[in-house]
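The values are calculated or read from the model by the stated rules, or taken from the named source; none is laboratory data. Just so we're clear, the structure is a prediction, and the values are computed from it rather than from any experiment. Every residue, glycine as well, gets a Cβ built from its backbone with ideal geometry; the counts of neighbours run over all protein chains shown. Surface areas here come from the heavy atoms of the whole protein model, side chains and all, with no ligands, DNA or RNA. Shrake-Rupley method; radii C 1.70, N 1.55, O 1.52, S 1.80 Å.
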Amino acid sequence: MPLKIGLLGIGKIARDQHIPALKASADFELVACASRNARVEGVANFTDLETMLAQMPELECVSICTPPQAHFAAALTALRAGKHVMLEKPPAATTRQIALLADEAAQHGRTLFQSWHSRFAASVDAAREWVGTRTLTGGRIVWKEDVHQWHPGQQWIWEPGGFGVFDPGINALSVLTEVLSNEVCVETAVLAFPENQQAPIAAEVHMRTEEGVTVEAEFDFRQKGEQSWDIELYTTTGRLKLSQGGATLEIDGELIAADEGLAGEYPRLYSRFASLCSAGRSEVDWRPFQLVADAFLIGERRIVAPHQV
Ligand code: NAP
């Protein structure tokens, strides 16, 4: 029997990815949505989570697609109501909130899937296997996109807890921490804040592994023309490049695999959520979030030109 699931926060990612993935899934039945201003055809609609939970006791799972500032309260409410919870990235507004949600899930015997969709990009597993048998000598992330194209009208991204350019940048860090066998720490960072906004529009982050290998990252929301979601890893025996956010893999300049990008990630994400629910396990890994929090803690701040959303 498919698990009955409700979606919270019907915006861009819910419509582009979650709803199509759920409609095609044999593991889930999308039965309800909760959103203050949006409705979804063919399911029960509510304006808030509490009403959805009260009126749909048959719900087994809740998938949370709101911005990160709203994740903690919603996830806590759903877990306390006895539901399995899947969280979009970034997982919450503060690191402590994630630790508390993990405890809460364990206490209620429910699954918390704190998801990183980019880890489900087509070439990430192959990259991890390739890197795992080699000695790393360096790494470089270039994650540059046009915020107006990918986050049209999203004021929340510029507010405290909205992550700014780290909203996409954390995807790169989720792939990096998945692929590397070594742990990385932030050493220095430079964050560029538009003078009229509360979150960075660009950032340079210098990281180092436990073994002293440098990994540099450049994140920028002001990219026009070609967009870049690339990770290059250098080893003593070759060079790997993941592009298209992890969908495409090149080794030593030779194309090994090319996939459709974001589209394949969400079916795989929901398949993992179903396996976790049936095994009674949670999956929580806040290392990418810690790297972002550390960049905010240690980063030099530069004020740059104002940005209009
Ligand atoms: P969005 O288009 O702004 O949609 C989020 C929806 O959440 C809003 O439409 C809003 O619907 C609801 N909401 C609830 N509380 C809110 C609040 N405090 N502020 C603003 N909206 C609130 O955002 P999105 O692009 O779908 O992103 C949502 C999450 O998915 C983010 O964490 C983002 O990082 C992640 N994500 C986005 C993408 C992407 O390509 N856009 C890709 C992967 C992951 P109501 O007003 O109807 O309640």
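Spacing of the modelled spin labels on Glu58 and Arg208, each 7 Å from Cα toward Cβ, amounts to 5.8 nm. Largest GNM mean-square fluctuation among Asp167, Asp259, Asp230, using the chain with Cα springs under 10 Å: Asp259.
List the lysines whose alpha-carbon lies under 29 Å from that of Lys4, not counting same-chain residues fewer than 8 positions away? Filter leaves Lys12, Lys23, Lys83, Lys89. The long axis of helix 265-279 is offset from the longest Cα principal axis of the chain by roughly 60 degrees. Prolate is the label for the chain, because the ratio a/c of its alpha-carbon gyration tensor axes (a ≥ b ≥ c) is 1.5 or higher and a/b is greater than b/c. Computed from the alpha carbon atoms alone, the convex hull of the stretch 182-309 holds 175 Å³ per residue. Counting only heavy atoms of the protein chains and using a 1.4 Å probe, Trp286 has close to 80 Å² of accessible surface. Rounded to the nearest 10 degrees, the inclination of helix 71-80 to the longest alpha-carbon principal axis of the chain is 40 degrees. Legend: residues Glu265, Glu183, Glu129, Glu226, sorted from most to least accessible area (1.4 Å probe; ligands, DNA and RNA excluded), read Glu226, Glu129, Glu183, Glu265.
Tell me, in nm to one decimal, what length is gained between Lys4 and Ser228 on full extension, where the rule is 0.36 nm per residue of separation less the Cα-Cα distance?
So the extension gain works out to 76.9 nm.
Could you state the angle between the C-alpha long axis of helix 166-179 and the longest principal axis of the C-alpha atoms of the chain, as a value from 0 to 90 degrees rounded to the nearest 10? Helix 166-179 sits roughly 80 degrees off the main axis of the chain. Shape call for the stretch 1-109 from the C-alpha gyration tensor, a ≥ b ≥ c root eigenvalues: rounded (a/c under 1.5), prolate (a/b greater than b/c) or oblate? Here the stretch 1-109 falls in the prolate category.
Kindly report the accessible area of the stretch 47-90 per residue (heavy atoms of protein chains, probe 1.4 Å, no ligands, DNA or RNA), in Å².
Solvent-accessible surface per residue comes out at 34 Å².
Ignoring ligands, DNA and RNA, what percent of the accessible area of the stretch 3-114 is carbon or sulfur (1.4 Å)? Percent of accessible area from carbon and sulfur atoms in the stretch 3-114: 49.
Centroid-to-centroid, using Cα positions, the stretch 251-309 and the stretch 66-134 are 11 Å apart. For the chain, modelled as a GNM whose springs connect Cα atoms under 10 angstrom apart, the maximal fluctuation among Ala93, Ala34, Ala126 occurs at Ala126.
What is the gain in length, in nm to one decimal, between Leu255 and Thr51 on full extension, counting 0.36 nm per residue of separation less the C-alpha to C-alpha distance?
68.4 nm
Taking every C-alpha pair closer than 8 Å and separated by at least 6 residues, the mean separation divided by the residue count of the stretch 178-309 gives a relative contact order of 28 percent. Note on the chain: GNM, Cα springs under 10 Å; of Ser271, Ser63, Ser115, the largest mean-square fluctuation is that of Ser271. Computed in the context of the full set of protein chains, the accessible area of the stretch 150-309 at 1.4 Å probe radius has 48% of its extent on carbon or sulfur. A Förster radius of 35 Å combined with the Cβ-Cβ distance from Thr237 to Glu187 puts the calculated FRET efficiency at roughly 0.85.
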